[in-house]
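Peer 1: This is the structure, below, for whatever I ask next.
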Amino acid sequence: MAYKITDECLACGACMDSCPVEAISEGDIYKIDPDKCESCGACADACPTGAIVEE
């Protein structure tokens with residue numbers, strides 16, 4: 001199971017700070033590298049807008 005970031009992303013950085021494997025990159029909307037992501041859910045838990053969902 002992997003996660004993706006939806007259009008509700010505010011690019012606040014909360015997900016990046018919470019990711020233990022540095023799988024998230026910055027941009028207008030942040031992106032999760034599926035090859036690095038361990039599907040731990042820390043980013044989804046940290047997201048204040050609920051913009052990170054399971055694929």
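Peer 1: Direction-averaged shadow area of the convex hull around the Cα atoms of the chain, nm²?
Peer 2: 3.1
Peer 1: Okay, next question. Between ASP7 and GLU55, what is the label-to-label distance in nm when each label sits 7 Å out along the Cα-to-Cβ direction?
Peer 2: 1.9
Peer 1: From the phi of every residue in the stretch 27-37, what ³J(HN,Hα) in whole Hz does the Karplus formula 6.51 cos²θ - 1.76 cosθ + 1.60 yield, where θ is phi - 60° and glycine or proline is x?
Peer 2: Ordered by residue, 3J(HN,Hα) equals x, 4, 10, 5, 10, 9, 7, x, 6, 9, 4 Hz.
Here, each number is a calculation from the coordinates, and none is a lab measurement. Only a predicted model underlies this, so the values are computations on that prediction, with no experimental measurement involved. Because the Cβ atoms are built from the backbone with ideal geometry, glycine has one as well, and the counts that use them run over all protein chains shown.
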